[in-house]
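The structure appears below as structure tokens.
Every number in this text was worked out from the coordinates using simple rules, so none of it is lab data. Everything numeric here is computed off the predicted structure, so don't read it as measured data. Every residue, glycine among them, receives a Cβ derived from its backbone with ideal geometry; neighbour counts consider all protein chains shown.
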Amino acid sequence: MASTTFKFMAPILLIIILCYIAPSSLAAEYRVGDDLGWRPLVNYYSWVRSKSIQLGDTLVFNYDASQYSVAEVTQFKFIACNASDAIFFEKDGQSSITLSRPGQHYFMADNHCADQMVFSVLV
Ligand SMILES: *[C@@H]1O[C@H](CO)[C@@H](O)[C@H](O)[C@H]1NC(C)=O
């Protein structure tokens, strides 16, 4: 009798437990720059600091495709502000990048480093 009850209860208990665990591990999506989007003269370093971006989260860049782009580059290319041979490059006005690799990620807009369209994030 007791084991029959357990067989019936076990899946229900599992579902209850998963409901508690799952939300904390769900990936979040961040709109870079919030309502300002991806454009010159926004302090993206302070934007990054105001979030707790984690491994598996997605960054969404919204921008004017006629002027700007998004590149994820190596640290070396980031310091040089050179978007050639980028890990990721898009120029279509809306770009989503999932941070699926642990470590530092470097983002920049080609030819717009001087306009502060640069930041890095550690996940
Ligand atoms: C950017 O890097 C590429 C090699 O990846 C190089 O050919 C090019 O000259 C660099 N551009 C500048 C402006 O330094």
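Per-structure values
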{"item": "Any hit, the range 74-87, residues being more than 16 Å from the ligand (Cβ to nearest atom) and touching a residue at least 40 places away in the same chain (Cβ under 8 Å)", "result": "no"}
{"item": "Candidate set: the range 48-73, residues that are in a loop (DSSP other than H, G, I, E, B) and closer than 20 Å to Leu122 by Cβ; chosen: the one farthest from the ligand (Cβ to nearest atom)", "result": "Ser52"}
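Conditions tested, residue by residue: (1) hydrophobic (A, V, I, L, M, F, W, C); (2) touching an Asp or Glu at 6+ places or on another chain (Cβ under 6 Å); (3) under 29 Å from Leu26 (Cβ atoms).
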site	(1), (2), (3)
Trp47	yes, no, yes
Ser52	no, no, yes
Ser69	no, yes, no
Ala83	yes, yes, no
Ser100	no, no, yes
Phe107	yes, yes, yes
